[in-house]
Amino acid sequence: PGLSYTWLFNNNTLDLEEDSRRFVSQATGSLSLAKVEPWDVGNYSCAVSSAQAQRSVRGPPTALTLRGDGVMGEYEPKIEVRFPETTYAAQGSSVRLECFALGK
């Protein structure tokens, strides 16, 4: 609770108010892009801030590229798990770690 998520595209804040193809979930922080276009290619970074903690952090950039052949085809499932090296939690608090599986 109390977290705010902002996405940056090529080091500029994404303006999502007038963009019907992009959506940021304020519950999970996930960025969704519908119907990727050539101008969506670039580096995306997520910034998370907490007003209560008076702290903000920014993740490393993730590159989005388009396939050169224009064909998506079928891909083997890919499972990614990304956890920080160390996760800290106060005794008695709850911790949530997420795992994502991608594939078609």
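The values are calculated or read from the model by the stated rules, or taken from the named source; none is laboratory data. The structure displayed is predicted, hence computed values, not measured ones. Counting neighbours? That spans all protein chains shown, and the Cβs are built from the backbone with ideal geometry, glycine included. These area figures cover heavy atoms from the full protein model, side chains too; ligands, DNA and RNA do not enter into them. Shrake-Rupley method; radii C 1.70, N 1.55, O 1.52, S 1.80 Å.
Close contacts from the range 12-28, counting a first residue that is more than 18 Å from residue 96 (Cβ to Cβ) and a second that is open to solvent by 80 Å² or more (accessible area, probe 1.4 Å), with Cβ to Cβ under 8 Å and a gap of 6+ residues or different chains, come to 16/23; 21/35. Considered as a group, the residues in the range 1-56 that are part of a strand (DSSP E or B) and of a type in the set (Phe, Trp, Tyr) include one that is most open to solvent (accessible area, probe 1.4 Å), and that residue is 23.
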